[in-house]
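Here's the structure we're looking at; comments come further down.
The values are calculated or read from the model by the stated rules, or taken from the named source; none is laboratory data. What you see is a predicted model; the values in this text were computed from it and never measured. Quick reminder, even Gly has a Cβ in these numbers, built from the backbone with ideal geometry, and neighbours come from all protein chains shown. Surface areas here come from the heavy atoms of the whole protein model, side chains and all, with no ligands, DNA or RNA. Shrake-Rupley method; radii C 1.70, N 1.55, O 1.52, S 1.80 Å.
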Amino acid sequence: MGASNNTCSIKGLIVALCFHQMFEGMGLGSCILQAQYKLLKRMVLVLLFSITTPFGIALGIGLSKIYKENSPSALITVGMLNASSAGLLIYMALVDLLSTDFMSPRLQNNIKLQFKSYVAVFLGAAGMSIMTK
């Protein structure tokens with residue numbers, strides 16, 4: 001966001017960033033509370049979460065003068081980072097989220113529920129693919 005000069009793209013990024021940070025903060029906050037860390041460690045984790053986005057935006061602003069969007073090294077770097085992010089998201093979705101639901105005894109013992117669950121996953125993936133396109 002800090003490296004973008006287009007005001008139209010910045011508005012959309014701000015909205016996406018606010019929603020993403022809000023839900024990620026709620027999820028991370030609940031995980032920190034469940035882990036029952038000591039107060040100092042909880043405060044450090046909250047501080048680190050709070051400063052990562054402003055630090056990234058400041059870094060983008062600082063590098064925006066020397067950043068060449070269409071240079072080969074920038075394109076390779078962006079491609080590698082996008083591929084890494086996509087791989088991590090797919091792994092988290094399949095291994096951590098879906099496997100827990102699909103391996104539960106309730107779903108394993110009910111063929112109709114299994115079928116409906118698979119259809120829902122495929123429709124969700126198709127919907128996301130259409131939105132991406």
If you fit an axis through the alpha-carbon atoms of helix 111-132 and take the longest principal axis of the Cα set of the chain, what angle between them do you get, 0 to 90°, nearest 10?
20
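At 222 nm, what helix-only mean residue ellipticity would the chain give, in deg cm²/dmol to the nearest 500, using -39500 (n - 2.57) for each DSSP H run of four or more? Intermediate values should be presented prior to the final figure.
Working: 6 runs with 104 residues, N = 133.
Helix-only estimate at 222 nm: -26500 deg cm²/dmol.
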Could you pull the Rg and Dmax for the stretch 68-132, using just the Cα atoms, both in Å?
17.2, 56
Label corresponding to Cα extents along the principal axes in Å when calculated from the structure given, among (1) 59, 45, 26; (2) 66, 34, 20; (3) 55, 40, 24
(1)
Between Leu13 and Ser30, the two model label points (7 Å from Cα along the beta-carbon direction) sit apart by a distance in nm of 3.0
At a 1.4 Å probe radius, carbon and sulfur cover how many percent of the accessible area of the stretch 25-121?
72
The rounded separation in angstrom of the Cα centers of the stretch 84-133 and the stretch 51-72 is 35
Debye, to nearest 20: dipole size of the chain, +1 on Lys, Arg Cβ, -1 on Asp, Glu Cβ:
140
